[in-house]
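Everything below concerns the one structure shown next.
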Amino acid sequence: MRVRPDSLAVIGLGAVGRRLAQRWSQGGLRVSSYSPSAESRARARAAGLEVHDQLSKAVSGASTVVLCVRDNQLPGAIAQLSNLEGQGPGPERVWLHTSGSRDSSVLAPLGGAVGVLHPLAAFAPGGPGPELADAWCAVGGDEIARARAGDLVRALGAHALELNQSQHSSARYHAAATLLSNGMVALTAVALDQARGACADPEQARLALIELLRSTLANLEVNTPARALTGVVSRADVETIGRHLLALADQPESAELYRALSRQMLALAVSDGRLSSAEASAVERALSDR
């Protein structure tokens, strides 16, 4: 097999794979693609991508192959690629995957250079996908694969976030992303439920809370979390904390979430020197009252 140094194959055409393939194609890279799903192939063709019906044709001659499949589908995809006679393992090829929670070692059976390229952005199912310009993408793996991943990140107009080689670094990084992005969505859903029950117009309540999120993000852009913290916990306002918990008394799951997050707020406020030990103890007592 003779690889073409400027060629790229994207395997998996879900929200992530389709968007990456689009952006790389728009940036002038030669991109072939494949998905086992006929529906995904049709969507990708409608988006103007070069799509193959066979895996072997998609990877034929490609110097870099990017696996954009779900974590639980990665071993199966690797096995399929390993079994492609003359197309799979080879020292001339770079293999990358977009699974943020897995390190590059999972690709070792494929030979060659192996690495990670994980876009740190929210890909909503069925949507057009994020622009990715100025986004960050985690990169890891061996030296050659890291360099190739960095090139592909720059081709997106994005920035490379280097993962270290320590044990569990990929899973820890991915947990951080999950807590922030998906956790914020879940927390927003809980907050919206509360606001709908308190406001006359649910849509106005939604818009108001989204605007609050924007102002919080703006605060975090210029301050550490400890400095950005505002609200009743940072002021040791135990009476208001009590009223909050009383209002949530008939919703034990929401009340427990309130307590857990408030304890994180308490730790931030203490680390920032805003509360005396007596005030911190008073807040902890208020959160512990049932």
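Remark: the range 4-165 carries a charge dipole of roughly 380 debye about the Cα centre, counting +1 on each Lys and Arg Cβ and -1 on each Asp and Glu Cβ. Here the label points at E39 and T230, each 7 Å from Cα along the C-beta direction, are separated by 4.3 nm in the simple model.
With contacts taken as Cα pairs under 8 Å at a separation of at least 6 residues, the range 172-288 carries a relative contact order of 24 percent.
When only the Cβ of Lys, Arg, Asp and Glu is charged (+1, +1, -1, -1), the dipole of the range 172-288 relative to its Cα centre reaches about 300 debye.
Short-range pairs are left out: with C-alpha atoms under 8 Å and at least six residues apart, the relative contact order of the chain is 11 percent. Across the options S169, V114, L81, the greatest Cα extent toward the positive end of the charge dipole of the chain (unit charges at beta carbon of Lys, Arg, Asp, Glu) belongs to L81.
Amide H contacts of L120 (H built 1.01 Å from N, in plane; Pro and chain starts excluded): W136, C137, A138 sit under 5 Å, all sequence-distant by 5 or more or on other chains. Among L261, L20, L120, which one shows the biggest mean-square fluctuation in a GNM of the chain, springs joining Cα atoms closer than 10 Å? In this elastic network of the chain, the residue with the biggest mean-square fluctuation among L261, L20, L120 is L261. List residues of the range 223-238, by number, whose backbone nitrogen lies under 20 Å from a label position 7 Å along Cα→C-beta of A122. Residues passing the 20 Å test: 225. Per residue, the average separation of C-alpha pairs within less than 8 Å and at least 6 apart gives the range 4-165 a relative contact order of 19 percent.
If only the Cβ of Lys and Arg carry +1 and only the Cβ of Asp and Glu carry -1, the dipole of the chain around its Cα centre is close to 640 debye. Segment Q165..A218, full-extension length gain: 15.9 nm, with 0.36 nm per residue of separation and the alpha-carbon distance subtracted.
With the highest mean first, a sort of the peptides 200-213, 234-247 on other beta-carbon atoms found within 10 angstrom per residue produces 234-247, 200-213. Computing FRET efficiency as 1/(1 + (r/R0)^6) for A208 and E256, where r is the C-beta to C-beta distance and R0 is 25 Å, gives about 0.50. Considering only V10, A160, I144, and ranking their Cα positions along the charge dipole of the range 4-165 that arises from unit charges at the beta-carbon of Lys, Arg, Asp and Glu, the one farthest toward the positive end is V10. Screening the chain for whole DSSP H helices of 24 Å or more along their axis (Cα) with average Kyte-Doolittle hydropathy at least -1.0 returns 202-222, 252-271. Result for the chain in a Gaussian network model with C-alpha springs under 10 Å: among G111, G12, G197, the largest mean-square fluctuation is at G197.
Read-outs: derived from the displayed coordinates by stated rules, not from any lab. Note that the coordinates shown come from a computational prediction; the quantities given were computed from them, not determined experimentally. For neighbour counting, all protein chains shown are included, and Cβ atoms are generated from backbone atoms with ideal geometry for every residue, glycine included.
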